[in-house]
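Following: one structure in structure tokens, then a few remarks.
The values are calculated or read from the model by the stated rules, or taken from the named source; none is laboratory data. Please read these numbers as outputs of a predicted model, since none were measured by experiment. Here the Cβ is made from the backbone with ideal geometry for all residues, glycine too, and neighbour counts use every protein chain on show. Ligands, DNA and RNA are excluded from the accessible area calculation, which covers all protein heavy atoms including side chains. Shrake-Rupley method; radii C 1.70, N 1.55, O 1.52, S 1.80 Å.
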Amino acid sequence: MPFTQLKTAPGEPPQTAHDVTDTVQIMLARLRAGGAQVALEYARQLDGWQGEITVSRAEIKAACARVPQSLKDDIAWAHDNISRFAAAQRATAQDMEIELRPGLRAGQRQIPLQAAGCYIPGGRYSHIASALMSIATAREAGVPDITACSPPCGSGPIPDAMLFAMDLAGATRILTIGGVQGIAAMGFGLFGAPPADILVGPGNAYVAEAKRQLFGPIGIDMFAGPTDSLILADDTACPDTVAADLVGQAEHGANSPVWLATTHKPLAEAVIVRVPALIAALPEPNRTAAATAWRDLAEVVLCDTPEEMAQFADQKAPEHLHVQALDLPWWRNRLRAYGSLFLGENTTVAFGDKAAGPNHVLPTSGAARYTGGLSVHKFLKTVTWQEVDEFALPDLARVTASLSRAERMEGHARSADIRLGPVSGAAQSTG
């Protein structure tokens, strides 16, 4: 695929993935054996939290009262969009029944999971929108019990606005605990929560690794890495807007790559010039995070045609894919590997991150080649059923026995034969 690199990415320093894996494995083993007491010890040691883990109803009510009404209104506006989008998704997941042949009926049911654990990141940023994205989506899917956990803010409690968002979105209970111990609290059913059927929500490398190690007996939304974003732009795009959008995503963290592919070299050059000044104008710690991500991980490539840009996008399979180019219907139909697609200059990934409606918990690190993001479908089990009456029985039993014997699975064949009555039963006993 021909394209010209106008800015290359030297890459991050060597990673310590093995250290993370080993640390998480040891922590989970201790948490599994010691339960809530070990989780509490980790909360004291790693989170610096000295209070109760479970946030009381009175504390939630008091926190909500401290949130300015204007911010409450804005959170509610975003929650309405997110809930309505999730409800529309839920409507597409329907029970169905079909008569495949006379007397052979089969179907499917959509059954909500019984308990979900929603991890809401904290620390450097207060992820209000993440609370809405995971909890409200689980609620719209019909999950009856939802545990939400988030680390304290420094040595203080979960921020008031985050508690308001968690409560508004429908959390059954809220735990002040983060990291591996937070994931374990939800996965193992500590502090009064039932064991989660699924663990969802973004987090740091330790949170992601804890989810990965618990996956199997417990479901997870995905194994997520650092957020990433790609912009596709032609000569109609505004360099100021493109540069601002790239910087806006780079501030997520030093390990968050951003990419630009364009057919217009003057645009690319203008963006490369503008980005450093936009980064320098950010407050800390955003400034350092964005500067490192831009220096080490950002790429700017020049393509000859829109199709080459689309090929580049399919190769990257970005978490966020933003098109600022003409003929948006063509792009919407052509592009095939992304977590969420943002069409046109009036759209920005920040809208999707915070308030537009579609979920912002999305596949990263190229996983968009094979999966989508968090949705109500993650909280539903699509299960099937079948029922046979006498009209369908002879042919179905005969074909099943035939295929079973062709596969040398005689027990299967005989369990089909016996349903045809004593004649076939006698016949099989002579075999």
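Details
- GNM top mover of M162, M27, M96 - the chain, alpha-carbon springs below 10 Å: M96
- Adding -39500 (n - 2.57) for every DSSP H run of four residues or longer, then dividing by how many residues the chain holds, sets the calculated 222 nm ellipticity at -13500 deg cm²/dmol.
- Membrane-span-like helices in the chain (whole DSSP H runs, Cα extent of at least 18 Å along the helix axis, mean Kyte-Doolittle hydropathy of at least 0.0): 17-34, 265-280, 393-406.
- Taking all protein chains into account, the per residue accessible area for the range 7-160 stands at 53 Å² (1.4 Å probe).
- Most mobile listed residue (I82, I279, I98) in the chain, GNM with C-alpha springs under 10 Å: I98
- Carbon + sulfur, % of accessible area of the range 226-373 - ligands and nucleic acids excluded, 1.4 Å: 54
- Unit charges at the beta carbon, dipole of the chain: most positive-side option, A43, W331, T371: A43
- Sequence-separation-based contact order of the range 160-314, relative, with Cα cut under 8 Å and 6+ spacing, percent: 18
- Counted charge near F164, where neighbours are those whose Cβ lies closer than 13 Å (Asp, Glu -1; Lys, Arg +1): -2
- [x] 26.9; [y] 22.4; [z] 19.9, with the label sought being that of the calculated mean projected area of the Cα convex hull in nm²: [x]
- Shape category assigned to the range 226-373 from the gyration tensor of Cα positions, a/c cut at 1.5: oblate
- Heavy-atom surface of the range 226-373, accessible at 1.4 Å and reported per residue (Å²): 39
- Length-normalised contact order of the chain in % [C-alpha pairs under 8 Å, at least 6 apart]: 20
- Assigned charges on the beta-carbon of Lys, Arg, Asp, Glu; the chain dipole about Cα centre (debye): 900
- For the range 235-301 and the range 73-129, distance of Cα centres in Å: 34
- Charge-dipole axis of the chain as Lys and Arg at +1 and Asp and Glu at -1 on Cβ define it, positive-most pick from L71, W294, A106: A106
- Choice from V300, V273, V361 showing the highest fluctuation, given a GNM over the chain with Cα pairs closer than 10 Å: V273
- Relative contact order (%) - criterion: Cα under 8 Å, at least six apart; region: the range 226-373: 27
- Among the chymotrypsin sites (Phe, Trp or Tyr not before Pro) within the range 330-386, those in coil by DSSP and having at most 10 neighbouring Cβ atoms inside 10 Å are Y370.
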